[in-house]
1. Sorting check: for 185-194, 103-112, 171-180, which peptide has the highest mean count of neighbouring beta carbons within 10 Å, and how do the rest follow?
2. What distance in nm separates the two pseudo spin-label positions at residue 208 and residue 193, each 7 Å out from Cα along the beta-carbon direction?
3. How would you rank 149, 255, going from fewest to most other Cβ atoms within 10 Å of each one's own Cβ?
4. Please list the non-local residues whose amide H lies under 5 Å from the amide H of residue 179, H modeled 1.01 Å from N, same-chain partners needing a gap of 5 or more.
5. Kindly put 271, 100 in sequence by how many other C-beta atoms sit within 10 Å of each C-beta, fewest to most.
6. So, in Å, what gap is there between the alpha-carbon centers of region 143-209 and region 213-262?
7. Can you sort 213, 84, 98, 241 by how many other beta carbons sit within 10 Å, fewest first?
8. Quick one: which residues, 5+ away or cross-chain, put their amide H under 5 Å from the amide H of residue 96? H built at 1.01 Å from N.
Amino acid sequence: MGERKTSVVKRKEYRKVDQIELTIKGSDSDKSGDEAEQKASERDALLGRKKGNLPRNGRNFSRLKPAVRRKKRGKSTTDTSLTMEEMEDEGYLYDYVMVFKVIEQEDKLSEYQKKHNVRNIVTRLNRGGLQTYLYYSKDKDEVYCKIRCPLDRLKREADRLDYKLKLDHDELRKAATDGESLKEHNIEPINIKDVKNLSPRSPYEYIYGKYDMDERLQKIYSRYGPKRIPFRSADRLKLIMDVIETKMSSKPPGCGIDLNKHLEEEAIIAFYPLHDMAEKKNAYDKMDSYMAVTKWATL
């Protein structure tokens, strides 16, 4: 009972310092005496109980449950706790992974690594409006940080950049020919006719325009995925990268992270995008269809 109480106290102290909610695996009361004592002593050493201090930069990650998430604090921008259902409501999951090395007691860190540790980097990601989820590698020597951007934050970043998105050709034709949205600008309705049939494409196809958060314009953008959102995975990757590298002083604030410098100084050891399984399947289906038609045409 005393062991459980001590673990809870230490866990609360760790959350207070790092502001990251870490859950220690359950009590060792169900183990045999010798094994439980050995596990307890190992955990005590990793938690720094003998020295009375806390481990630096996640050194005790190998003894913590592989589920690390930002602690809820009302409507704080650092709240990244998100259920699978909430992510699926927006039509996509995580888009990037950032990898950190678990720091051991004997490791020597550069001043850059001490300044840009896991806590610092994850805090910057959260303050920039990104959501994160941390877990361990199989060998417990690395920590993976999955990154996604909420739909509303994507829209704000796309608006800030005047990011170009493909317009829906049917909605564009309707807006141009009806002229309702053009009247306030004293523009007559636009009706383009390809009378010579010079192209198999409609005059309103493959037209791109800058993104604007104006509610009246939302239906004019092409929609993708099961939730019909205006951003493909390629768009999300570009916008997230911009959020990560944009200065924290901008509006809306970015994360102010220099990825190239972090990789060079080994503050992080890898950074790469994840597959969007729905788009991947769609691409494979299209490729299979194309290959089938090509094979039939060559017979």
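1. Output ranking for 185-194, 103-112, 171-180: 171-180, 103-112, 185-194.
2. Result for the modelled spin labels: 3.1 nm.
3. 255, 149
4. Close amide H contacts, sequence-distant or interchain: 190.
5. So the residues, fewest neighbours to most, are 271, 100.
6. After rounding, the separation between the Cα centres reads 17 Å.
7. The most exposed by this proxy come first: 84, 213, 241, 98.
8. Residues meeting the amide H criterion: 147, 274.
Bear in mind that the values in this text are calculations on the coordinates, not laboratory data. Remember, it's a predicted structure, so these values are computed and weren't measured experimentally. Here the Cβ is made from the backbone with ideal geometry for all residues, glycine too, and neighbour counts use every protein chain on show.
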